[in-house]
RNA sequence: GGGUGGUUAGCUCAGUUGGGAGAGCGACGGCCUUACAAGCCGUAGGUCACAGGUUCGACCCCUGUACCACCCA
């Protein structure tokens with residue numbers, strides 16, 4: 001093995017092997033438990049960001065964990081056509097080429113999109129492979145492939161036939177940039193500083209005026225009423241009268257409605273049913289006229305007086321305010337903060353606009369979907385997301401599913417010239433179904449479906465539905481959905497609704513919700529902030545100049561480049577070294593505590609790269625000492641286990657239990673921590689060191705040496721399997737080298753059984769023995785360290801006042817101790833023998849003495865002792881305070897009290913001994 | 001305005017039935033020790049946001065406050 005761990009040389013090699021050998025496919029074992037994860041489909045033309053990296057790493061850990069447990073495991077993979085996002089990208093490309101989709105026409109445009117997909121569609125799946133993700137690539141799906149389109153059609157038609165999809169003219173959220181309707185969820189409300197204008201509307205009878213307050217003066221041209229609260233004494237007498245709407249020749253009524261907030265503005269509001277959701281509702285209640293004054297670009301249309309026609313909406317706002325002012329109708333303008341709706345993709349200010357759209361009636365679907373979570377058929381992890389889900393589901397509006405886009409699933413509906421609607425799989429089927437003559441002209445709906453409509457069918461659509469396939473039978477419902485909280489409404493809720501309706505079962509049993517990946521300062525990663533980290537750069541490494549370049553090119557606001565460059569140079573003065581996939585994945589896991597966002601700190605990935613290196617080198621040590629030797633491969637051979645062997649095996653059992661427990665409860669952070677502690681803290685730091693004296697000892701028996709090698713190699717082999725779901729590459733690379741020595745068979749670690757604790761191997765005797773040994777070692781090391789005794793220098797150790805147990809333990813550990821702390825001799829001081837002046841430490845009742853002659857400075861040792869004594873004194877006082885409290889003694893459980901008493905006695909005894917030692921030193 | 005999560009070492013974070021505050025990174029001191037300097041050994045550093053309450057005992061449970069983040073209206 002190379003001396004240093006080089007991830008790049010092993011990762012791609014193993015991935016290729018795995019994929020070529022079909023290891024990612026389900027075992028197909030129908031007796032085994034099924035385990036299935038359906039990937040949240042990334043945008044087909046997208047590229048991997050930190051959020052993906054995190055999410056895919058979690059899924060892969062679960063998949064590998066279950067696969068190793070022998071489950072019939074499927075990770076279903078696929079990509080999403082991402083309607084708006086993809087169309088936007090292609091339109092931008094066309095614009096750069098000086099053309100547009102309208103010039104190309106629908107068919108050619110869609111052809112262009114497919115070309116773009118063919119060209120850039122492989123990026124994300126290639127990157128998934130770099131992460132070590134192990135989905136069954138042979139089953140890869142795309143939301144626009146033929147089979148999936150069939151599922152989408154079936155669902156649309158069935159819902160339509162069942163009366164759950166309808167077409168209607170309503171106010172929708174209109175995106176004037178993309179010229180499409182969008183759903184409520186795709187609208188982001190941003191707080192903005194604006195104004196509140198107060199305008200006078202003259203009463204038609206000439207008896208005065210009303211003052212209305214509005215944030216959107218331009219819509220006044222579409223006002224069809226003025227509303228006041230029915231109990232508002234200021235205005236009650238005016239209800240039923242009319243006002244003359246300024247700038248127009250219309251008279252509009254004054255109405256009373258509970259919805260009016262008396263405290264807002266003047267308590268009089270203008271009502272524009274065509275351009276405000278609340279006003280629309282009120283218009284319905286009062287049968288008001290609806291006057292649409294905007295066109296698809298959100299410019300004023302021909303329904304307004306001539307001088308405003310064609311005017312841009314925000315220009316019109318200023319103009320109308322000015323004109324009213326000129327007429328003396330502007331009473332005042334106040335600063336006002338308001339929520340302005342924006343399209344999540346376009347960023348354009350959204351207009352409520354009256355159009356014909358398709359809707360899903362959600363309430364009947366929601367009821368069952370709520371019940372499924374209430375009764376535990378679907379569980380959220382962490383649990384508190386269920387409340388978020390409930391509160392949204394209980395207040396669900398109908399879902400607008402039509403989009404005025406070209407890229408997507410075209411709505412399977414046709415119209416005749418009279419505007420009658422026919423829904424079916426194709427024009428032919430529609431003609432047959434509705435017995436339409438050949439001479440009836442039919443035209444298909446131009447719109448496509450919301451991308452989330454098709455994503456909603458993802459769990460069963462990818463498995464072959466509407467065919468009753470074997471995969472569908474075996475793997476649906478899926479086991480776990482791994483997703484971010486941000487798409488619980490967009491996707492999770494809709495999947496639950498649609499799947500329950502069509503499959504009569506839930507799409508998944510568990511929803512694991514992870515947090516957002518942020519930068520180390522807690523900022524969201526975004527191109528415009530220039531703080532994006534590309535996971536691939538962490539794997540392969542990138543130098544500072546290339547990183548700066550990457551972050552500062554293609555910016556929406558090029559003027560930010562210097563700021564971004566400065567920040568980048570400050571945060572990452574050396575760019576990133578090539579940390580490798582395993583280190584990256586391990587970092588994700590270590591940060592994956594539930595219910596909070598994660599701040600990605602590059603310092604941590606370095607630590608885990610070092611951890612990989614540690615495993616690498618430990619394995620080198622083990623192999624050096626095992627290859628070519630008898631490691632007990634012959635299970636019947638003679639071998640003998642030392643206390644250290646029994647101890648590490650015992651610790652391994654406990655680690656196996658904890659890691660499994662952590663993975664079963666989605667605590668990847670705890671799993672990674674537990675493994676790290678065991679591998680580095682116990683196996684490497686202690687066990688490998690403990691093995692050295694034995695393997696080097698020429699007097700040690702062969703059976704003991706075999707036992708040690710056997711333990712070295714078998715514990716290593718086991719921990720590789722234990723770690724494999726988290727760090728697939730390095731574990732495979734090393735496993736291939738150790739498997740034979742450890743008597744494992746098989747072609748890949750991927751398909752080995754996942755380690756399971758054997759409670760018979762838990763050995764408390766060995767654990768106490770090694771715990772004692774560690775205490776002694778640490779006490780001597782402390783003296784060495786504090787006294788600056790060179791590690792190379794051998795020192796004598798004298799023991800005094802030990803118990804029979806101490807003596808027995810020493811007997812057992814004598815030679816190990818000699819080596820571990822580099823001693824020249826260990827001697828027991830007999831009763832009455834003179835004590836040399838020494839540095840002192842305590843292990844229980846036993847005193848450790850390191851004679852000072854030539855080694856130790858009295859002053860330094862006195863200071864060290866004093867520090868120890870101070871610590872003990874504090875502890876003593878704490879304990880004494882507790883025990884002096886009669887309430888504690890009478891009310892606390894007896895075992896707590898007695899533990900406290902023992903502790904106090906120990907502390908006091910230790911303190912006294914050290915005190916004596918200190919006094920002895922001061923007499924010198 | 002309603003809701004959720006958070007506040008623990010300089011930084012990033014653990015801390016599950018309430019009973020002596022932990023890790024990694026960073027800092028400081030010492031080591032090229034035959035697996036590993038991407039390492040080893042040692043050390044320092046915390047009124048667990050604040051204020052009350054419950055309790056013999058609170059980082060943990062309850063109430064309130066402040067600040068941060070996010071969701072919804």
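The values are calculated or read from the model by the stated rules, or taken from the named source; none is laboratory data. No experiment lies behind these values; they were computed from the predicted model shown. As a convention, Cβ positions derive from the backbone with ideal geometry for all residues, glycine included, and neighbour counts pool all protein chains shown.
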Count of the stretch A:236-260 residues which are buried (at least 19 other Cβ atoms within 10 Å of the Cβ) and over 56 Å from the mean Cα position of the chain (by Cα): 2
What single numbered condition from (1) touching a helix residue (DSSP H, G or I) at 6+ places or on another chain (Cβ under 8 Å); (2) buried (at least 19 other Cβ atoms within 10 Å of the Cβ) fails to hold for residue A:706? (1)
Looking only at the stretch A:440-483, how many residues end up being assigned to a strand (DSSP E or B) and either out of contact with any strand residue (DSSP E or B) (no Cβ under 6 Å at 6 or more places or on another chain) or closer than 19 Å to residue A:59 by Cβ (or both)? 7
Any hit, the stretch A:832-850, residues being loosely packed, with under 15 Cβ neighbours inside 10 Å, more than 51 Å from the chain's Cα centre (by Cα) and either within 23 Å of residue A:769 (Cβ to Cβ) or within 14 Å of RNA strand B (Cβ to nearest atom) (or both): no
Scanning the stretch A:875-891 residue by residue, those farther than 24 Å from residue A:919 by Cβ and either in contact with a helix residue (DSSP H, G or I) (Cβ under 8 Å, 6 or more places away or on another chain) or touching a residue at least 12 places away in the same chain (Cβ under 8 Å) (or both) turn out to be A:882, A:883, A:888, A:889
Test residue A:41 against the stated conditions and say whether it is in contact (Cβ under 8 Å) with a residue 12 or more places away in the chain, closer than 25 Å to residue A:537 by Cβ, away from RNA strand B (no atom under 16 Å from the Cβ) and surrounded by 16 or more Cβ atoms within 10 Å (Cβ to Cβ). yes
For the stretch A:798-813, give me each residue that is over 53 Å from the mean Cα position of the chain (by Cα) and buried (at least 16 other Cβ atoms within 10 Å of the Cβ). A:798, A:799, A:800, A:802
Is there a residue being assigned to a strand (DSSP E or B), under 19 Å from residue A:44 (Cα atoms) and more than 16 Å from RNA strand B (Cβ to nearest atom) anywhere in the stretch A:422-429? no
For the stretch A:465-494, which positions are touching a residue at least 12 places away in the same chain (Cβ under 8 Å), over 22 Å from residue A:518 (Cβ atoms) and surrounded by fewer than 23 Cβ atoms within 10 Å (Cβ to Cβ)? A:466, A:471, A:472, A:474, A:477, A:479, A:480
For residue A:557, all conditions in the list (1) within 15 Å of RNA strand B (Cβ to nearest atom); (2) farther than 29 Å from residue A:58 by Cα hold save one; what is the number of the exception? (1)
How many residues, within the stretch A:527-558, are over 25 Å from the mean Cα position of the chain (by Cα), modelled with pLDDT of 85 or more and outside any helix (DSSP H, G or I)? 2
Quick check on this structure: which one of A:865, A:855, A:872 is part of a helix (DSSP H, G or I), touching a residue at least 12 places away in the same chain (Cβ under 8 Å), surrounded by 14 or more Cβ atoms within 10 Å (Cβ to Cβ) and touching a strand residue (DSSP E or B) at 6+ places or on another chain (Cβ under 8 Å)? A:865
For the stretch A:1-28, give me the residue count where each residue is part of a loop (DSSP other than H, G, I, E, B) and surrounded by fewer than 13 Cβ atoms within 10 Å (Cβ to Cβ). 5
On the given criteria, is residue A:452 within 22 Å of residue A:144 (Cα to Cα), more than 16 Å from RNA strand B (Cβ to nearest atom) and touching a residue at least 12 places away in the same chain (Cβ under 8 Å)? no
Within the stretch A:727-784, take every residue that is part of a loop (DSSP other than H, G, I, E, B) and more than 30 Å from residue A:19 (Cα to Cα) and give me the one that is nearest to RNA strand B (Cβ to nearest atom). A:757
Is there a residue being more than 20 Å from residue A:483 (Cβ to Cβ) and out of contact with any helix residue (DSSP H, G or I) (no Cβ under 9 Å at 6 or more places or on another chain) anywhere in the stretch A:597-605? yes
Can we say residue A:810 is under 30 Å from residue A:646 (Cα atoms), in contact with a helix residue (DSSP H, G or I) (Cβ under 6 Å, 6 or more places away or on another chain) and either within 16 Å of RNA strand B (Cβ to nearest atom) or at pLDDT 90 or above (or both)? no
Starting from residues that are over 23 Å from residue A:177 (Cβ atoms) and buried (at least 20 other Cβ atoms within 10 Å of the Cβ), keep the ones in the stretch A:397-420 and report whichever is farthest from RNA strand B (Cβ to nearest atom). A:414
Residues in the stretch A:362-388 that are in contact (Cβ under 8 Å) with a residue 40 or more places away in the chain, more than 10 Å from RNA strand B (Cβ to nearest atom) and under 20 Å from residue A:510 (Cα atoms): how many? 11
Being touching a residue at least 24 places away in the same chain (Cβ under 8 Å), more than 21 Å from residue A:459 (Cβ to Cβ) and either assigned to a loop (DSSP other than H, G, I, E, B) or in contact with a strand residue (DSSP E or B) (Cβ under 7 Å, 6 or more places away or on another chain) (or both): is that true of residue A:48 here? yes
Within the stretch A:526-535, is there a residue that is touching a strand residue (DSSP E or B) at 6+ places or on another chain (Cβ under 7 Å) and surrounded by 19 or more Cβ atoms within 10 Å (Cβ to Cβ)? no
Tell me, which strands (runs of 3 or more DSSP E) lie completely within the stretch A:183-248 with 1 or more residues that are within 16 Å of RNA strand B (Cβ to nearest atom)? A:187-202
Pick from the stretch A:601-611 the residues that are within 8 Å of RNA strand B (Cβ to nearest atom) and surrounded by fewer than 21 Cβ atoms within 10 Å (Cβ to Cβ): which of them is farthest from residue A:1 (Cα to Cα)? A:601
Every residue in the stretch A:104-138 that is in contact (Cβ under 8 Å) with a residue 24 or more places away in the chain, under 25 Å from the mean Cα position of the chain (by Cα) and assigned to a helix (DSSP H, G or I), please. A:123, A:124, A:125, A:127, A:128, A:129, A:130, A:137
In the stretch A:859-880, how many residues are farther than 25 Å from residue A:837 by Cβ and within 47 Å of the chain's Cα centre (by Cα)? 6
Would you check which residues across the stretch A:619-669 are more than 10 Å from residue A:709 (Cα to Cα), out of contact with any strand residue (DSSP E or B) (no Cβ under 7 Å at 6 or more places or on another chain), within 16 Å of RNA strand B (Cβ to nearest atom) and part of a loop (DSSP other than H, G, I, E, B) and list them? A:628, A:665, A:667
